[in-house]
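Data first, discussion second: the structure below is written as structure tokens.
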Amino acid sequence: MTAPEVGPTPVIAQLSRPQDATAAVRRALGACWTAVVNAGGAVVPMDCPLPPVTEAALRPAVGRITRGLSPENSRLLLATVDGALAGWLLLRREPHPLVAHCGVVNHVQTQVHFRGTGIGIALMRHAQRVGRDEMGLERLQLAVRSGLGLEEFYRKAGWTEVGRWPGALRVAPGDDRDEILMSLAL
């Protein structure tokens, strides 16, 4: 993996309430998600068909994410460049009391034409600060699909691989991938 290109400095906004996710924001999330999945991205929601996908197919997942926003438990981080959505992620607190000190990072996405410009790392660094300083989390965790080089991106951002589910993800017949579990102490 090469060093990121010097790119635009994103503005990162945080949404923490359902009403913060306007119709325009939801459309932008759906458009970004569609482009990322169709370009080979690993973030395919459970109730969505495998690629290629449409914005309409992703609309229910976007709705679930935005309806579940809350300052204590679920935040959406949006990176914009010149007012356009460049990437986003979901940061949420684990709901069970035994693990409520941990957060989960989901749906890390960078708009295809912004890849390699530092948007993803800016989102991840911001998620660390929000998790630690605003949500009081002590650890973050995430899961990634092997075979895409994602684990190297997260390692460079300070994350540690803590386990694998071998062959847990069937991308296509004969194409099983490991699910890689990663963690970051805050």
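Quick rundown of the values:
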item	result
Simple Cβ-charge dipole of the range 43-135, Lys/Arg +1 and Asp/Glu -1, about Cα centre, in debye nearest 20	80 debye
Distance in nm between pseudo-label sites at N73 and T54 (7 Å out along the Cβ direction from Cα)	3.3 nm
Loop sites in the range 5-72: GluC sites (Glu not before Pro), DSSP, at most 13 other Cβ within 10 Å	E5, E72
Beta bridges per DSSP with both ends in the chain, % antiparallel, nearest 5	90 percent
Accessible area in square angstrom per residue, the range 111-186, 1.4 angstrom probe	52 Å²
Local net charge near L181, Cβ-Cβ under 12 Å (Lys/Arg +1, Asp/Glu -1)	-2
Of P95, P173, P51, the one that fluctuates the most in a GNM where the chain has Cα springs shorter than 10 Å	P173
Estimated 222 nm signal from helices in the chain, with DSSP H stretches of n ≥ 4 weighted -39500 (n - 2.57), rounded to 500	-8000 deg cm²/dmol
Within a Gaussian network of the chain (alpha carbon springs, distance under 10 Å), most fluctuating of G118, G87, G40	G40
Among V171, V11, V25: highest mean-square fluctuation, GNM of the chain, C-alpha pairs under 10 Å	V171
Surface share of carbon and sulfur [accessible, 1.4 angstrom probe, percent] for the chain	55 percent
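The values are calculated or read from the model by the stated rules, or taken from the named source; none is laboratory data. Please read these numbers as outputs of a predicted model, since none were measured by experiment. In this analysis, Cβ positions are derived from the backbone assuming ideal geometry, glycine residues included, and neighbour counts consider all displayed protein chains. These area figures cover heavy atoms from the full protein model, side chains too; ligands, DNA and RNA do not enter into them. Shrake-Rupley method; radii C 1.70, N 1.55, O 1.52, S 1.80 Å.
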